[in-house]
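K.L.:
Provided herewith is a single structure, encoded as C-alpha cells, for subsequent inquiry.
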Amino acid sequence: MRAIFALIMIAALAAAAVFLADNPGRVEIMWQGWQLDTSVGVLITAAALAALCVALVLRLLSLLLGSPRSLLRRRRERRRRAGYQALTRGMVAVAAGDPQEARRYARRAEVLLAEPPLTLLLSAQAAQIGGDELAAKKFFTAMLDRPETEFLGLRGLLNQALREGDRDTARHLAERAVALRANTAWAASSLFDLEARDRRWEAARDALEKVARRRFIAPEIARHHRGVILYELSRDAAAQRDRQRALALAGEARSLTPELATPVAHYARLLLAEGKAGRAAKAIEGAWRTAPHPELAQAYGEMWTDEAPLARVARFERLAAQNPAARESHLALAEAALAAQLWGEARRHLERALTGEPPPLAPLPAGLGTPPPRGGGEGASLAGATPRLCLMMARLEEAEHGDPALMREWLDRAARALPDPRYVCASCGGESTEWRSLCPRCGAFDALAWRTPAWSGSGGALPVTIEASRPTEPTPTPQMALPAGDPARG
C-alpha cells in the first residue's frame with residue numbers, strides 16, 4: 001500500500017510539473033520599490049525551498065533547547081532498566097536461597113529505582129532468607145505506611161509473629177488484614193485458626209461464618225468445625241452452670257458431628273444430669289448405629305451404675321443391637337459379660353471380635369518399612385487382635401480357668417498385636433487417647449480422627465500391663481502403659 005501511495009504521489013507531482021511547464025504563466029511582485037518578475041513554477045519552487053529552510057532552522061533550535069531534557073530522560077530510562085534488572089536478579093536470588101546476592105541486588109535496585117514498594121519487598125525477603133528477622137520486620141513495618149504494600153506487609157509480619165509464637169500479635173495483624181481485604185482466603189482463614197487455637201470460641205464462630213460464607217473451605221468441613229465450636233461453647237456454658245444453654249448447644253453440636261463420640265457423650269451426660277436418662281440412652285444408641293466407640297459405651301454404662309451386672313448385660317445387648325456387626329459391639333458386650341462373670345458369653349463375643357474385620361490401619365509413611373502381620377502372626381484367625389482385646393482374653397483365661405500359661409500367651413500376643421485405634425492428628429501425626437478440639441501436640445483445630453496409627457519400621461508393638469483380677473470379682477478394663485516419648489502420653 002505504501003508503494004502504491006508513493007507511485008500516486010510521484011504521478012501527481014509529475015502531472016503538476018508538466019502542467020506548469022505547459023502553462024508557465026507570469027508573476028509580478030512590487031514591494032518597497034522592488035519589482036520581481038518570474039513564472040508561477042519558479043515562485044512555487046522558491047516558496048517550497050523557503051519553507052524547508054524555516055523548518056530546518058526550527059528543528060535545530062528545538063534540538064539545542066531540548067537536548068538537556070532528552071539526555072536526562074535517556075539517563076532515567078537507563079537507570080530504570082538497570083533497576084528492574086537488579087530487581088529481577090534479586091528475586092531470582094531469593095528464589096535460589098542466596099541471601100548475599102539478594103541483598104546486593106536489593107541495595108542496587110533501591111539506589112536505581114524510585115519505587116520503594118518493590119525494593120522494600122525484595123529487601124524484606126532478602127533479610128528473611130539471610131536469617132535477619134529484625135531487618136525483615138523493619139522492612140515489613142515500613143510497607144505498612146504505603147497503601148499499595150500495606151496488605152503484603154501485614155502478611156509478612158503475621159508470618160513472623162506465628163514463627164515466634166506471638167499469637168496475640170498475629171491475631172491483631174490478621175484482624176487488620178481481614179478489615180483491609182475481607183475476600184482474601186489466607187487472611188480470613190488465619191484469623192479463624194488463631195481464634196480457635198486461643199480458645200476464643202465466640203470469636204472463632206464469627207470468623208468461621210465469614211470463612212464459610214465466602215467458600216474458603218468446603219461446606220462439610222465448615223459444618224464439622226461449627227459442631228466442634230458449639231461443643232466447646234456448651235462446655236463453657238456448663239462450667240458457668242447455664243444448663244439450658246449448654247444442653248441446647250450440645251444437641252446442635254451432636255447433630256453436626258455425628259462421627260465424634262465425645263460430643264455425643266457430653267450431650268448424653270447433660271441429659272442425664274437433667275434426669276432425662278431415656279433421651280440420653282437414645283442419643284448414644286443413635287450414635288452407635290453409625291460410629292460405635294468405647295467412649296460411648298463408657299457413657300452408656302454410667303447411666304446405670306447401681307444396676308446388677310446381669311441387668312447391665314441386658315442394657316448393653318440393647319446397645320449392641322443398634323449395630324450388631326460392629327467390632328465395638330462385641331467388645332462392649334464382652335466387657336459387660338466379664339463383669340457379670342458370664343465366661344461363655346464373654347468368650348463368644350471376644351472370639352467374634354477376634355475373627356471379625358480388624359480395625360482400620362492408618363497409611364504407613366513412605367520409607368518406614370512394612371507393618372507386622374495382623375493378629376501377631378496368627379493369620380486370619382486373629383485378624384482383629386489388638387492389645388485391648390488380647391488383655392480381655394487374658395483376663396478371661398485367668399478368671400475362668402486360672403491358667404497362667406494361657407494368660408501369658410495372650411499377653412505375648414498383646415505385645416505383638418496392632419495397636420488399638422486412637423485419635424491421630426491429621427496435621428502433625430501426634431496421637432492421643434482422648435479426643436480434644438485442639439491437638440495436644442501441635443494445637444491444630446479439629447484435626448484428631450479415630451483410627452489405628454501407622455506402624456514404625458521396627459515392627460514392635462506397644463508394651464502393655466494389666467492388673468491381675470480375681471475370678472470372683474469384676475475388674476476394670478486394663479490400661480496400656482505407653483513407652484516414653486510416645487505422642488499419646490499425657
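K.L.:
Starting from the Cα of Trp34, step 7 Å toward the Cβ, then list every residue of the stretch 51-86 with an amide N under 12 Å from that point.
P.N.:
none
K.L.:
Which trypsin sites (Lys or Arg not before Pro) from the stretch 46-75 combine a DSSP loop assignment with at most 10 other Cβ atoms within 10 Å?
P.N.:
Numbers: sites: Arg59, Arg69, Arg73, Arg74, Arg75; in loops: none.
Passing both the DSSP loop test and the Cβ count: no residue.
K.L.:
Return the distance in nm (one decimal) between the two label points of a simple spin-label model at Thr305 and Ala321, each offset 7 Å from Cα along Cα→Cβ.
P.N.:
About 2.7 nm separates the two model spin labels.
K.L.:
Okay, next question. Non-local amide H neighbours of Val27 (under 5 Å, H modeled in plane, Pro and chain starts lacking H): which ones?
P.N.:
HN-HN under 5 Å from Val27: Thr38, Ser39, Val40.
K.L.:
Ordered by residue, what ³J(HN,Hα) values in Hz, to whole numbers, does the stretch 271-278 give under the Karplus form 6.51 cos²θ - 1.76 cosθ + 1.60, where θ = phi - 60° and Gly and Pro are x?
P.N.:
5, 5, 5, 8, x, 10, 5, x
K.L.:
In debye, nearest 20: dipole of the stretch 1-129 around its Cα centre with unit charges on the Cβ of K, R (+) and D, E (-)?
P.N.:
Values: 17 positive and 8 negative charges, 209 e Å.
Approximately 1000 debye in magnitude.
K.L.:
Can I ask one more? Cysteines without a disulfide-compatible partner in the chain, using Cβ under 4.7 Å as the rule?
P.N.:
Those would be Cys53, Cys390, since no other cysteine Cβ in the chain comes under 4.7 Å of theirs.
K.L.:
Turning to a different aspect of this structure: Please give the charge dipole size of the stretch 258-307, origin at the Cα centre, charges +1 on K and R Cβ atoms and -1 on D and E Cβ atoms. Round to the nearest 20 debye. Mind dumping the intermediate values first?
P.N.:
Details: 5 positive and 7 negative charges, 44 e Å.
Dipole about the Cα centre, nearest 20: 200 debye.
K.L.:
On to the next question. Shape verdict for the stretch 92-168, please, from the Cα gyration tensor: rounded (a/c under 1.5), prolate (a/b greater than b/c) or oblate. Intermediate results must be reported in sequence, preceding the final value.
P.N.:
Numbers: a/c = 2.46, a/b = 1.27, b/c = 1.95.
In terms of gyration-tensor shape, oblate.
K.L.:
Per residue, what accessible area does the stretch 261-307 have, given a 1.4 Å probe and all protein chains present, in Å²? All intermediate terms of the calculation are to be shown ahead of the outcome.
P.N.:
Numbers: 1890 Å² over 47 residues.
Per-residue accessible area for the stretch 261-307 comes out at 40 Å².
K.L.:
Please calculate the 1.4 Å probe accessible area of Cys53, with all protein chains present, and give it to the nearest 10 Å².
P.N.:
Here the accessible area works out near 80 Å².
K.L.:
Ranked by accessible surface with a 1.4 Å probe, highest first, in what order do Met30, Met303 come? Write down the numbers at each step before the final one.
P.N.:
Working: Met30 120, Met303 25 Å².
Correct descending sequence by accessible area is Met30, Met303.
K.L.:
Further, regarding this structure: Tilt of helix 133-143 relative to the longest C-alpha principal axis of the chain, in degrees (0 to 90, nearest 10)?
P.N.:
Result, in degrees: 60.
K.L.:
Just to be sure I understand the model, the point goes 7 Å from the Cα along the line to the Cβ. What's the resulting Ala182 to Glu150 distance in nm?
P.N.:
That separation, rounded to one decimal, is 1.6 nm.
K.L.:
Just to be sure I follow: if Rg is taken over the C-alpha atoms of the stretch 276-339 and Rh is the Kirkwood radius over the same atoms, what is Rg/Rh? Don't jump to the answer; show the numbers that get you there.
P.N.:
Working: Rg = 10.5 Å, Rh = 11.4 Å.
Ratio of gyration radius to Kirkwood radius for the stretch 276-339: 0.92.
K.L.:
On C-alpha positions alone, give me the angle between the axis of helix 327-339 and the longest principal axis of the chain, in degrees, nearest 10.
P.N.:
For helix 327-339, the angle is close to 30 degrees.
K.L.:
How big is the C-alpha Rg of the stretch 50-191 next to the rule-of-thumb value 2.2 N^0.38 Å, as a ratio? Intermediate results must be reported in sequence, preceding the final value.
P.N.:
Numbers: Rg = 22.4 Å, N = 142, 2.2 N^0.38 = 14.5 Å.
Working it through for the stretch 50-191, the quotient is 1.55.
K.L.:
Okay, moving on. Given a 1.4 Å probe and the protein chains all in place, what does the accessible area of Phe139 round to, in Å² to the nearest 10?
P.N.:
For Phe139, solvent-accessible area is about 40 Å².
K.L.:
Further question on the same structure: Given a Förster distance of 60 angstrom, what is the FRET efficiency for Val42 paired with Gln85, based on the Cβ-Cβ distance and rounded to 0.05? Walk me through the numbers on the way to the answer.
P.N.:
Values: r = 59 Å, r/R0 = 0.98.
With a Förster radius of 60 Å, E is 0.55.
K.L.:
Top to bottom by accessible area (1.4 Å), largest first, where do Lys276, Lys138 land? All intermediate terms of the calculation are to be shown ahead of the outcome.
P.N.:
On the way: Lys276 75, Lys138 125 Å².
I get Lys138, Lys276, largest accessible area first.
K.L.:
Compute the convex hull volume of the Cα atoms of the stretch 195-275, divide it by the residue count, and report the result per residue in Å³ as a whole number. Please report the intermediate quantities before stating the final value.
P.N.:
Numbers: hull volume 6.9 nm³, N = 81.
Spread over its residues, the Cα hull of the stretch 195-275 gives 85 Å³ apiece.
K.L.:
Using a 1.4 angstrom probe with every protein chain in place, what is the largest-first accessible-area order of Phe19, Phe445? Numbers along the way, then the final one.
P.N.:
Details: Phe19 125, Phe445 20 Å².
Descending accessible area places them as Phe19, Phe445.
K.L.:
While we're looking at this one, here's another question. With both partners inside the chain, how many of the DSSP beta bridges are antiparallel, as a percent to the nearest 5? Could you put the intermediate results ahead of the total?
P.N.:
Values: 12 of 13 bridges.
Of all bridge pairs located within the chain, approximately 90 percent are antiparallel.
K.L.:
Report the dimensions of the stretch 1-65 along its three principal axes from the alpha-carbon atoms, largest first, rounded to Å.
P.N.:
Over the stretch 1-65, Cα extents along the principal axes are 48, 43, 8 Å.
K.L.:
Taking every pair of distinct Cα atoms and averaging 1/r, then inverting, what Kirkwood hydrodynamic radius in Å comes out for the stretch 144-232?
P.N.:
Numbers: mean 1/r = 0.0753 Å⁻¹.
Result for the stretch 144-232, one decimal place: 13.3 Å.
K.L.:
Can I ask one more? May I ask for the percentage of alpha-carbon pairs in the chain that lie more than 36 Å from each other?
P.N.:
On the way: 69019 of 119805 pairs.
The answer is 58 percent, as a whole percent.
K.L.:
In whole percent, and with a 1.4 Å probe on the protein chains, what portion of the accessible area of the chain is carbon and sulfur?
P.N.:
Values: 15350 of 27050 Å².
Ligands and nucleic acids excluded, carbon and sulfur give 57 percent.
K.L.:
OK, next. Using a simple spin-label model with points 7 Å from Cα along the Cα→Cβ vector, what separation in nm is obtained for Glu164 and Cys442?
P.N.:
That separation, rounded to one decimal, is 2.4 nm.
K.L.:
What accessible area, in Å² to the nearest ten, does a 1.4 Å probe give for Asp206?
P.N.:
Number for this one is 90 Å².
The values are calculated or read from the model by the stated rules, or taken from the named source; none is laboratory data. Being a predicted model, the structure only gives us computed values, none of them experimental. All Cβ positions, even for glycine, are placed from backbone atoms using ideal geometry, and neighbour counts span all protein chains on display. Just so you know, the surface numbers come from the protein's heavy atoms only, side chains and all, with ligands and any DNA or RNA stripped out. Shrake-Rupley method; radii C 1.70, N 1.55, O 1.52, S 1.80 Å.
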